[in-house]
Amino acid sequence: MSHYSGQLINLLAAVLLLLSFAMLGQRRILSLINLFMAQGAVLCASTATVALVTGQKHLYWSALITLVLKVLLLPWILHRLIRRLNVKWDIETLFNIPTTMLIGIVLVIFSFNLALPISELAGTVSRSTVGIAMASVMLSFLMMITRSKAVPQVIGFLAMENGLFFAATSATYGMPMVVELGIALDVLVGMVILGVFFFQIREQFDSLDIRHLEQLKED
């Protein structure tokens, strides 16, 4: 049972990494939101699997929070935002997709080498996935800095938080429940604030391109 569960956790970790790569190369905003939702579903499944294998009951609550927040609530908020903002453009990137993917591969190799000592010290059943968790964080950060529009950057930030949560589950069987609830509340409040921020940018500049904010600095 433990052997097959470990294989399942490794499989889910690999799917999480593939979804991070897919988000990095995605040019359609709707597809990007759907990929984020799929990433949340994988994170929920992996957390529930770790809870089943280890008997850490608080991880079931973590999986439930992930399901509600990352799979249901945040994608629904993002879909409503882009409908209200009438966002129908493709995602603009600072580099072309092949160059971005090549940088992503380099970051994955770097992440695996960086996580190797941590994986050897960790005594958890999912310690082999620490490198994948760090790679997912790096890819999400790369997605943030290579996008020029505000909405994809926010999705990149949320995906980076997914990677950090997966890293915590892999290395230490998750964080204390109070911390997880606090993070969930912070993410939710942050999304509401960013939604208002998007509308303000759109009203002032008729665009969500953050490069327009440089005009404020010049003024």
- Query: Is there any pair with a first residue in segment 59-77 that is on the phi < 0 side of the Ramachandran plot and in a helix (DSSP H, G or I) and a second that is open to solvent by 40 Å² or more (accessible area, probe 1.4 Å) and at pLDDT below 85 whose Cβ atoms are under 7 Å apart and which are 6 or more apart or on different chains, and what are they?
  - Reply: Leu59/Tyr173; Trp61/Met177; Leu69/Leu188
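Within segment 1-29, work out how many residues are under 28 Å from Asn96 (Cβ atoms) and either at pLDDT below 85 or assigned to a loop (DSSP other than H, G, I, E, B) (or both). Explain how you work it out, then say what you get.
Within segment 1-29, the first condition is being under 28 Å from Asn96 (Cβ atoms), and the residues that meet it are 14-29.
Filter once more, so that each one left must be either at pLDDT below 85 or assigned to a loop (DSSP other than H, G, I, E, B) (or both): 25-29.
Counting residues in segment 1-29 that are under 28 Å from Asn96 (Cβ atoms) and either at pLDDT below 85 or assigned to a loop (DSSP other than H, G, I, E, B) (or both) gives 5.
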- Which ones in segment 1-15 are within 14 Å of Ala133 (Cβ to Cβ), surrounded by fewer than 20 Cβ atoms within 10 Å (Cβ to Cβ) and not β-branched (Val, Ile, Thr)? Asn10, Ala14
- Task: Working only within segment 42-58, note down all residues that are touching a residue at least 40 places away in the same chain (Cβ under 8 Å) and surrounded by fewer than 23 Cβ atoms within 10 Å (Cβ to Cβ).
- Result: Thr49, Leu52, Val53, Thr54, Gln56, His58
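Against the condition surrounded by 12 or more Cβ atoms within 10 Å (Cβ to Cβ), at pLDDT 80 or above and under 20 Å from Ala38 (Cα atoms), how does Leu72 come out, does it pass? Give the derivation first.
Working: surrounded by 12 or more Cβ atoms within 10 Å (Cβ to Cβ): yes; at pLDDT 80 or above: yes; under 20 Å from Ala38 (Cα atoms): yes.
Yes; evaluated as a whole, the condition is true for this residue.
Table: residues versus (1) open to solvent by less than 70 Å² (accessible area, probe 1.4 Å); (2) modelled with pLDDT of 80 or more.
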residue	(1), (2)
Glu120	no, no
Val125	yes, no
Ala133	yes, yes
Ser140	yes, yes
Ile145	no, yes
Lys149	yes, no
Ser170	yes, no
Glu180	yes, no
- Task: Return a yes/no flag: does segment 24-41 have any residue that is open to solvent by 40 Å² or more (accessible area, probe 1.4 Å), more than 21 Å from Ile82 (Cα to Cα), aliphatic (A, V, I, L, M) and more than 14 Å from the chain's Cα centre (by Cα).
- Result: no
- Task: Answer with yes or no whether Leu18 is within 19 Å of Phe165 (Cβ to Cβ), open to solvent by 40 Å² or more (accessible area, probe 1.4 Å) and in contact with a Cys (Cβ under 6 Å, 6 or more places away or on another chain).
- Result: no
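The values are calculated or read from the model by the stated rules, or taken from the named source; none is laboratory data. Source: prediction; values computed, not measured. Please note: Cβ atoms are built from the backbone with ideal geometry, for glycine as well, and neighbour counts cover all protein chains shown. With ligands, DNA and RNA removed, areas are computed over all heavy atoms of the protein, side chains included. Shrake-Rupley method; radii C 1.70, N 1.55, O 1.52, S 1.80 Å.
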